[in-house]
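Okay, so here's the structure we're looking at.
Any read-out appearing in this document is the output of simple, stated calculations on the displayed coordinates, not a laboratory observation. Computed from a prediction, not measured in an experiment: that's the story for all the values here.
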Amino acid sequence: MSDQPPAPNNQRQRFRLRHPSEVRPKLVIDEQTYDVLDVSEGGLKFFANELPPGIQNGRVDGQMVFRDGESIPVKGRVVRYEIAVQFEEGVPYKKIVSEQIEIFKHFPNFGHQ
């Protein structure tokens, strides 16, 4: 029997979809627009040069806008300063899958480099 603590589980509970930079969805918070780096049913990560003024008390309330023009309201809490958001209201799995299909259709080598 080992007296070492168990290793932390770093596996994600949900699949995270990354988009090529040319077709990244946007996150709009208080009329400011940010590139979404990855998204799942449970959260997203976006790029910001500094903490967006629309984030109040570690909370995010905005719209996620996809390449096809669909806009989905999202709410959540900031869980890391790289601005990763865990949704309380977010993107349905069906939308994640349809985006993945479109990415692979238009960028067949994306993620395979």
Estimated Rh, the range 17-106: Kirkwood, alpha-carbon pairs, angstrom:
13.0
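Any chance you could run the full-extension gain for ASP35 through VAL79? It's 0.36 nm times the residue separation minus the Cα-Cα distance, nm to one decimal. Don't skip to the end; give the middle numbers.
Values: separation 44, 0.36 × 44 = 15.84 nm, distance 1.76 nm.
Going from the current span to full extension adds 14.1 nm.
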Difference of contour (0.36 nm per residue) and Cα-Cα distance, SER98 to ARG14
28.7 nm
